[in-house]
Structures are given as structure tokens and as C-alpha cells.
1. Being closer than 13 Å to LEU340 by Cα, in a loop (DSSP other than H, G, I, E, B) and without any contact (Cβ under 8 Å) to a residue 60 or more places away in the chain, is that true of even one residue in the range 286-294?
2. If you scan the range 430-459, which residues turn out to be of a type in the set (A, V, I, L, M, F, W, C) and either over 19 Å from TYR412 (Cα atoms) or touching a Cys at 6+ places or on another chain (Cβ under 8 Å) (or both)?
3. Condition (residue is surrounded by fewer than 21 Cβ atoms within 10 Å (Cβ to Cβ), in contact with a Phe, Trp or Tyr (Cβ under 9 Å, 6 or more places away or on another chain) and not aliphatic (A, V, I, L, M)) applied to the range 47-63: is it met by at least one residue?
4. Return the residues of the range 470-485 that are surrounded by 14 or more Cβ atoms within 10 Å (Cβ to Cβ) and over 17 Å from ILE394 (Cβ atoms); say none if nothing qualifies.
5. Considering only residues that are β-branched (Val, Ile, Thr) and buried (at least 17 other Cβ atoms within 10 Å of the Cβ), which ones fall in the range 278-325?
6. Does the range 334-361 hold any residues that are of a type in the set (Gly, Ala, Ser) and crowded, with 23+ Cβ neighbours inside 10 Å, and which are they?
7. Output the residues belonging to the range 441-456 that are out of contact with any Phe, Trp or Tyr (no Cβ under 9 Å at 6 or more places or on another chain) and in contact (Cβ under 8 Å) with a residue 12 or more places away in the chain.
8. Inspect all residues belonging to the range 99-109 and state whether any of them is surrounded by 24 or more Cβ atoms within 10 Å (Cβ to Cβ) and within 22 Å of HIS71 (Cβ to Cβ).
Amino acid sequence: MKKLFASISRTVLNANSAVLLLIICAAWLAITAGVRPLMLPDEGRYVGVAWEMLNSGNWLVPTLDGMPFFHKPPLFYWLTALDLKLFGMNEWAARLASVLSAVLATGVMVAFVRRYVDKPTANLTAIVLVTQPFFFAGAQFADLNMLVAAMISVSIVAGADAALRLERGLPYLASLTTAFVFAALGVLAKGLIGFVLPGAILLAWLLVRRRLKQLPSLLPLNLLLLFFVLVVPWFGWMQHSYDGFWDYFFVYHHFHRFAATGFNNQQVFWFYVPVLILATLPWSPWIYRSCSPSFLKDPERFDIRSLMILWTLGILVFFSVPSSKLVGHILPALPPFAYLIADGLLLWLKASKRPAASAIVGLSIAVAGVTCVVLVLLVTRFDTRSFSAASLPISKIYDVNDQIVMLEEYQYDLPFYLKAKKSPWVIGAWRNSEPPTKDNWRKELYDAGLFDQKGMQENLISPGEFALRLCAPGSGPFWLWGRAGLASRYSFLKDKDVVFSDGKKTMWRLVGGCVADPEAKQEN
């Protein structure tokens with residue numbers, strides 16, 4: 001067994017072809033990306049927005065339930081809608097943008113470390129990165145975090161490459177242009193952090209290395225103009241089309257959310273430290289090899305090691321400041337963290353005189369790989385909130401042009417799995433009540449409706465409004481989705497056909513017809 005693990009270690013460290021290594025990493029990340037249903041709420045929300053974009057043909061305005069959804073910029077939705085168009089309405093296509101983003105982040109790390117350190121360190125960095133359970137899960141999770149992590153990674157690596165080439169008298173404009181382009185894409189992926197984080201980390205790195213005099217050369221006017229040409233049109237057009245967009249997107253969703261304390265998942269300042277350590281097991285214990293003062297004393301590797309340390313710490317500190325913390329936010333810290341682990345581990349391997357040292361590296365790779373696969377299997381087994389299982393029997397009798405109605409909740413992935421052409425109606429206490437303030441699906445839909453009053457009136461309705469629509473000539477069929485116990489609270493559900501029920505959620509089918517006393521007590 002030791003020989004097997006030692007063989008794995010030697011094969012990884014001595015691999016000559018970076019292209020072959022990346023193909024293997026890509027296959028590893030992609031092969032299980034479609035085996036589980038979409039997770040709620042995040043995957044269902046973001047893939048649902050992409051489906052609406054593809055279904056409506058409006059590639060400029062992201063919509064949720066047919067109304068403008070301005071929580072995030074459009075890049076993820078563009079990529080995912082394109083993937084769905086090319087590869088079909090399935091989970092693998094829905095996660096392809098995240099998979100490719102992870103491969104991109106891995107690829108730039110391999111190229112950068114091979115150029116400025118050596119081949120074994122680059123190879124091990126790649127393997128450590130793609131077998132970290134956190135990175136592996138992020139690569140197979142359809143939301144914006146892996147995409148923005150890749151954009152930030154490319155911006156930092158390309159910017160550092162440009163700075164190093166500049167001080168060595170080598171051509172650097174191609175790398176610098178890449179840094180600016182991907183910073184712009186980072187803004188289109190998730191907002192201001194797309195350029196704030198790479199810029200701050202690179203500035204700190206130049207300061208530590210006493211290279212601030214390079215700044216004028218690294219901030220040429222033509223590339224600054226290119227950045228704005230790529231970024232401004234979409235944001236400018238949204239403000240032109242929807243009054244208040246800038247205030248909502250930048251002031252509320254950037255500065256207010258960053259500083260305020262009223263949002264979900266309030267955590268202590270040091271929350272991300274144990275998250276990073278636990279989510280990157282079994283590799284994370286090796287980080288202690290990179291924590292000694294002597295680690296930075298090697299003049300040949302100071303430039304790269306200092307960059308990776310500042311990169312990791314910069315991401316952790318920045319996202320630790322807000323009281324609201326989501327684990328996916330620190331995905332941009334994983335590439336440099338993987339490098340620090342790989343560099344320290346190889347230092348130990350070179351210094352170790354133990355015959356089994358090489359086998360320990362191979363064993364770590366095997367354990368990490370098994371952990372990632374087990375993680376996917378556990379999520380597949382125990383996450384039961386998706387509409388996927390219900391969609392199988394319902395889709396056989398459902399027509400994509402039928403009207404879906406959701407009772408007192410929004411099932412994000414339902415339109416995706418049924419390929420619904422019409423925006424669902426959501427029954428709730430939308431009229432004559434205080435605007436929702438809790439950070440949940442109600443507030444998302446309500447905020448979206450503020451930018452489209454007509455859509456709000458059409459899609460966010462009361463039980464009485466739905467009863468009137470039932471009476472309309474030629475109405476129906478309607479497919480109502482909600483908790484199983486709701487039938488006793490709504491007169492229009494009594495004695496109606498149950499198409500699906502799992503004891504928790506039920507779908508009823510209504511053909512139409514007037515009902516009396518339609519109102520029901522609403523839950524807020």
C-alpha cells in the first residue's frame with residue numbers, strides 16, 4: 001500500500017504536461033456535477049434566473065418570477081443561460097459555469113507557479129486545490145461565488161505577473177490587459193469586489209516589496225478606459241431603464257449590507273478561520289509548515305510566498321468585517337491557500353528522511369479525493385428540498401404553458417424543472433401589509449416588484465385575487481404548489497385533485513371555477 005501511495009505522489013509531482021494535468025482536474029470536477037438535484041435556496045434561485053433569461057429572450061435584465069432581480073450583476077446568468085441552451089435543462093449544464101470557473105482558477109495557478117517557482121509545486125498546488133472539499137463543492141455549486149473567485153484569481157495572478165515582468169524588463173502589457181479585463185468581468189460577476197479585492201491585494205503586495213513606483217506603469221490610462229468600457233454599459237443601461245437601480249445595487253447591496261447587522265447568518269469576526277481549516281481537510285494541517293518566520297526568508301520565493309499570504313489574509317479579513325457571513329464568500333482564498341499548503345508540504349518532503357514521506361503525500365491525495373466523493377453522496381442522500389423528485393410524475397401531465405401558483409412560499413427550482421413558460425403567481429399577504437424586512441424569498445420578490453409594479457400586481461397576489469382569476473372565462477388549468485396542510489385553509493383547494501404529495505409538499509390541479517369565501521389567514 002505504501003508503494004501505491006508513493007507512486008501516486010511521484011506521478012503527481014513529476015507530471016510534465018500542464019495541459020494533461022488540467023484535463024484530469026477538469027474531468028475530476030465535472031464528472032459528478034450533475035448527479036444531485038439543485039440545492040435550495042441558492043442554486044434554485046440563480047439557475048431559475050438564468051432559465052427565465054433564456055425563456056424570455058431578454059438577456060439584459062435578470063428576472064425572478066418575471067420581475068427585475070438586481071441582487072447581482074448578469075455574468076453568471078449569461079453563462080448559465082448559454083450552458084442551458086447548449087447542453088439542455090439539466091443540473092450538469094446548470095453547474096457548468098462554476099465547473100469551468102474552478103478549472104480556470106486552477107489553470108492560472110498552475111501556469112503562474114510553474115513560471116515563478118517550479119513544476120512539482122505547481123502540480124501539487126493544482127491537486128491540493130481541486131481535492132479540497134470546499135473548492136470541490138464550490139465547483140459543483142451553481143451560484144456566483146466560484147465565478148467571482150476565478151475572476152479575482154486571474155486578476156491577481158495576471159497583475160502580479162505583469163509587475164514581475166515589468167521589473168525584469170520583459171513585455172508585460174498582455175498580462176496587465178488580462179488583469180484589467182478579468183477585473184471588469186469580476187464586477188459583472190458580483191459587483192465592486194471584482195476590482196476592489198484584486199486591487200487592494202496587489203497594492204499591499206507592491207508595498208511589502210517596496211515597488212510602489214511601478215504603480216503609474218501598472219495603471220495606464222488606456223486600460224483604465226478599457227475597464228470602464230466593459231463595465232459601465234450594463235450598469236448605465238439598468239439605471240436608465242430602472243430609476244433607483246444604482247441606489248439599490250450599490251448603496252444597499254454593497255455598502256449597506258457590508259456595514260449593517262440586520263441580514264442573515266450573523267457570525268463572530270473570526271468565523272472564517274475555522275471554516276477555512278475544516279473545509280479544506282485533510283490538507284489544512286499542513287499549513288503550519290508555511291507559518292514559520294523562516295518561510296519568508298528564502299529570497300528566491302519571497303515574491304510569490306508574500307503574494308499568496310497577502311492574498312489569503314486579504315480575502316479572510318475583508319469578508320470577516322461584515323457581521324453577516326456566508327461560507328462561499330471566501331472561495332477566492334482557496335487558490336493561494338492551496339499554494340501555501342503545497343509549498344510547505346514539499347519543503348517537508350525534501351527535508352524529511354523518512355522512507356514513507358512520499359507515501360504520506362499520496363495518502364493525503366487519496367483521502368482528500370474520497371472525502372470529496374463522500375460529500376457529494378451525502379448531499380445527494382439527505383438534501384430533500386428540491387422539486388426534482390416531484391417534477392418526474394408531474395411533468396408527464398403538465399403543459400409548459402399552464403399557470404403555476406405557489407402558496408405562501410416560492411419554490412425557486414420549480415419553473416426550471418418543469419420548464420415553465422409563464423411566471424408563477426405567488427399567493428401571500430402582499431396587499432395592505434408592511435413591506436417584508438426579513439432577508440428571505442418574500443423580500444426578494446417584493447424588492448423585484450418595486451422595479452416592475454405591473455409584474456408585482458400580476459404575479460404577487462392575495463387569495464381573493466386568485467379566486468377572481470379562477471372565475472375568469474376559459475381560465476386554467478392551474479397547478480398549485482404548497483405545504484400539504486394548506487388544503488384545509490383555502491376553500492379553492494377543497495376536494496381538488498392532488499397530483500403529487502410527499503407528506504410535506506403537495507401539488508394540486510385546478511381547472512377553474514368560482515369559489516366562495518376565498519380568503520385565508522396569512523403567515524408573515
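The values are calculated or read from the model by the stated rules, or taken from the named source; none is laboratory data. Note that this is a predicted model, so its numbers are computed, not measured. Because the Cβ atoms are built from the backbone with ideal geometry, glycine has one as well, and the counts that use them run over all protein chains shown.
1. Taking every residue of the range 286-294 in turn, at least one turns out to be closer than 13 Å to LEU340 by Cα, in a loop (DSSP other than H, G, I, E, B) and without any contact (Cβ under 8 Å) to a residue 60 or more places away in the chain.
2. Passing the criteria: LEU450, PHE451.
3. Yes, the range 47-63 contains a residue that is surrounded by fewer than 21 Cβ atoms within 10 Å (Cβ to Cβ), in contact with a Phe, Trp or Tyr (Cβ under 9 Å, 6 or more places away or on another chain) and not aliphatic (A, V, I, L, M).
4. If the condition is that a residue be surrounded by 14 or more Cβ atoms within 10 Å (Cβ to Cβ) and over 17 Å from ILE394 (Cβ atoms), then LEU470, SER475 are the ones that fit.
5. Correct list: THR280, ILE287, ILE304, ILE309, THR312, ILE315.
6. ALA338, ALA342
7. Hit for the range 441-456 is GLY455, nothing else.
8. Yes, the range 99-109 contains at least one residue that is surrounded by 24 or more Cβ atoms within 10 Å (Cβ to Cβ) and within 22 Å of HIS71 (Cβ to Cβ).
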